[in-house]
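Enquirer: Let me give you the structure first, and then I'll get to my questions.
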2 protein chains.
Amino acid sequence: MSLPADRAAQGEALSRAVWDVLAQQGLEKLTVRAVAAAAGCTTGLVMHRFPNRRALLLHARQLLHDTTRQRVEALEAAATSPRAALRAVLRQGMATDPETTNWSIVWLGFLAAAVADAELIGMHRRNNRAWRQRLERLVAAAATDWPVDQVGMVALGLIAMTEGVAALAAADPAAYPADQQERMLDAALVAYGLG
Amino acid sequence: MSLPADRAAQGEALSRAVWDVLAQQGLEKLTVRAVAAAAGCTTGLVMHRFPNRRALLLHARQLLHDTTRQRVEALEAAATSPRAALRAVLRQGMATDPETTNWSIVWLGFLAAAVADAELIGMHRRNNRAWRQRLERLVAAAATDWPVDQVGMVALGLIAMTEGVAALAAADPAAYPADQQERMLDAALVAYGLG
DNA sequence: CACCCTCCGTAACAAGCGTTACGGTAACAT
DNA sequence: ATGTTACCGTAACGCTTGTTACGGAGGGTG
């Protein structure tokens, strides 16, 4: 018989295949056949697991969010101070190694795909707002005496900066090496009074 | 007879149609037929003007860069001080109105399309490096006594922040209204000592 | 052994894609 | 008026796409 765990594991593997195709071949080549090939199966399995292509993309998008959330929560729990937690969480949002670079490319691909898909853009907004709230909480914990306005503006500046440098570094890794991104982040934290 | 200006104007109109389709329908629907429909002509004209779809995209991508460069140079020339020039140039890079929001979506679409296209990614890198040099020059002019390292880090932070907030605001305009972006920019400039 | 049910690979389908070839139209030259 | 040339709309081609339907393989159950 087929345990639900098996089906879930297959869905996860297919979602990972979606990420791979998106990172290596781009959104235009993100076809059901390409995903099946990347997962080492046929299109039959894919279409038996998901009702259609969109459902596959939606699942992969949500799994991407859940995965990064788990990773971020682990970083947050392991940090020794509020400022260390803030820096660790921001750091993983940049593209400082092949792994995070891949995630940034995949993130960009989903964002581009969301332009014409109401459900995808809805997921992006939910996830991004949660992400923003998390960072506002981290900034508030790192600067307990700040007014709410300042917390919001600084959190927004830090979110935008890391998101932006991740995209830039993903598109041109040679021009945006890891140490420059880290020094940029530290310079911003110091400038905001969070160093 | 057909002056070269006519052909150039047609190429420009088709490129604008590419932007429209990219902004309103997304990369996946960016077909030759959709571009022709947006331009009010048939696929025949498109394929007589450009050898193939890729050439059309490359032309539209380069024209996007040239257009923004012209706009930025006008802003820079009209500024009354180095700091005003820096702020004006950074400001237009965000998504603070429907026009700049559209440009941000188009920019994202081209970036996503560049993942699988060596020539598109090459254009992106050339243009982005020129953009970065421009901002380093503006930051250096606004803070004449800074060491080169600091100029580079601050310029990078500002570029990444505006690029990032443009993407976020394009994907979720309600959550990132124009005044929040502006206040975020001002807060960052003040924090960096460029207010 | 026979039966059945689940799973999934294979093959086909219509639709949409980029691209090509043809044919008509309008303007200019003679 | 007639021939020539440039321009571009129309229609078709082959290919790839998402999706569907069929059929076989494998393991429980009587």
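Enquirer: Which residue out of B:Thr101, B:Thr96 is part of a helix (DSSP H, G or I) and among the hydroxyl-bearing types (Ser, Thr, Tyr)?
Expert: Of the residues listed, the single one that is part of a helix (DSSP H, G or I) and among the hydroxyl-bearing types (Ser, Thr, Tyr) is B:Thr101.
Enquirer: Within region A:141-156, is even one residue at the interface with chain B (Cβ under 7 Å from one of its Cβ atoms), within 20 Å of B:Leu189 (Cβ to Cβ) and either without any contact (Cβ under 8 Å) to a residue 40 or more places away in the chain or basic (Lys, Arg) (or both)?
Expert: Looking through region A:141-156, at least one residue is at the interface with chain B (Cβ under 7 Å from one of its Cβ atoms), within 20 Å of B:Leu189 (Cβ to Cβ) and either without any contact (Cβ under 8 Å) to a residue 40 or more places away in the chain or basic (Lys, Arg) (or both).
Enquirer: Here's another thing I want to ask about it. Quick test of your reading of the structure: B:Ala175 fulfils all but one of (1) more than 8 Å from chain A (Cβ to nearest Cβ); (2) assigned to a loop (DSSP other than H, G, I, E, B). Name the failing condition by number.
Expert: (1)
Enquirer: Give just the number: which of (1) more than 12 Å from DNA strand D (Cβ to nearest atom); (2) more than 14 Å from every other protein chain (Cβ to nearest Cβ); (3) crowded, with 17+ Cβ neighbours inside 10 Å does B:Gln62 not satisfy?
Expert: Tallying (1) more than 12 Å from DNA strand D (Cβ to nearest atom); (2) more than 14 Å from every other protein chain (Cβ to nearest Cβ); (3) crowded, with 17+ Cβ neighbours inside 10 Å, B:Gln62 fails exactly one: (3).
Enquirer: Does A:Gly122 meet the test of being at the interface with another protein chain (Cβ under 8 Å from one of its Cβ atoms) and either in a helix (DSSP H, G or I) or closer than 19 Å to A:Val72 by Cα (or both)?
Expert: In short, no.
Enquirer: Quick check: anything in region B:19-33 free of Cβ contacts under 8 Å to residues at least 60 places away in the same chain and more than 13 Å from DNA strand C (Cβ to nearest atom)?
Expert: Taking every residue of region B:19-33 in turn, at least one turns out to be free of Cβ contacts under 8 Å to residues at least 60 places away in the same chain and more than 13 Å from DNA strand C (Cβ to nearest atom).
Enquirer: Tell me, which residue of region A:1-54 that is more than 13 Å from DNA strand D (Cβ to nearest atom) and polar (S, T, N, Q) is farthest from the other protein chains (Cβ to nearest Cβ)?
Expert: Per the criteria, the residue is A:Gln10.
Enquirer: Right, here's the next one. If B:Gly44 satisfies every condition in (1) at pLDDT 95 or above; (2) away from DNA strand C (no atom under 12 Å from the Cβ); (3) farther than 24 Å from B:Ala167 by Cα but one, which is the exception?
Expert: (2)
The values are calculated or read from the model by the stated rules, or taken from the named source; none is laboratory data. All of these numbers come straight from a predicted model, not from anything done at the bench. In this analysis, Cβ positions are derived from the backbone assuming ideal geometry, glycine residues included, and neighbour counts consider all displayed protein chains.
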